1. When the dipole is taken about the Cα centre of the stretch 8-152, and only Lys, Arg (+1) and Asp, Glu (-1) are charged at their Cβ, what size is it in debye, to the nearest 20?
2. Compute the Kirkwood hydrodynamic radius of the stretch 1-90, taking the inverse of the mean of 1/r over all pairs of distinct Cα atoms, and give it in Å to one decimal.
3. Fully extended, how many nm does the chain gain between Lys129 and Glu20 (0.36 nm per residue separation, minus their Cα-Cα distance)?
4. With a cut-off of 15 Å, note down the residues of the stretch 49-69 whose backbone N falls inside the zone around a label point 7 Å from the Cα of Trp30 toward its beta carbon.
5. Counting only helical runs of four or more DSSP H residues, what would the 222 nm mean residue ellipticity of the chain come to if each run contributes -39,500 (n - 2.57) and the total is spread over all its residues?
6. Please say if the stretch 32-138 is rounded, prolate or oblate, where rounded means a/c under 1.5 for a ≥ b ≥ c the square roots of the C-alpha gyration tensor eigenvalues, and otherwise the choice is prolate for a/b larger than b/c and oblate otherwise?
Amino acid sequence: MEQIVTMLRGLPGVLELAPERGSEFPEIAWGDHFFYFSPDGTVPNNRQPYATIVTKDYPDDVLSRLEAPDRWRVNIHVGGARFEALLGFPPGAAHLDDRDFSEVDVILPHPLYAAQGWVAVVNPGPRTKPRVLEELRLAHQADRRRVERRAR
């Protein structure tokens, strides 16, 4: 995980929100990471992060089985075209009922947000880490373009 976090922290204009134990953020978010393009350093209140790293199950998101030790998941908003290029079908056509979302080192549709163009990888490893790093760079660039377009 550290290699991915370090790479993301090095991108221009990145804002990492990483709530810690005892912070003002909800306890469920403690230990997780949320990444935005925000060169002014403020947490956007009108859009979602372009990438997240979660270290535990959330009440409505348990299919990745992150409650097991040393499991975590990177989630990336790749958009419709990249989603289809990566998975071979468009986001709206994701057949989620027959998937094993706990599979490690495999690019999968996000268990909850596939229809919005999100992919997920549990414990990226040798098969997926290079692709994950590239998709994170592309997601950062896409978020930057959106922010800059809205500012014009």
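1. 760
2. 14.6
3. Computed gain between Lys129 and Glu20 is 36.7 nm.
4. Within reach of a label on Trp30, which here means backbone N under 15 Å from a point 7 Å along Cα→Cβ, the stretch 49-69 contributes 55-57.
5. -8500 deg cm²/dmol
6. In terms of gyration-tensor shape, rounded.
Computed from the coordinates by the stated procedures, all read-outs in this text should not be read as laboratory data. A quick note: this is a predicted structure, and the numbers were derived from the prediction, not measured. All Cβ positions, glycine included, derive from the backbone under ideal geometry; neighbour counts span all protein chains shown.
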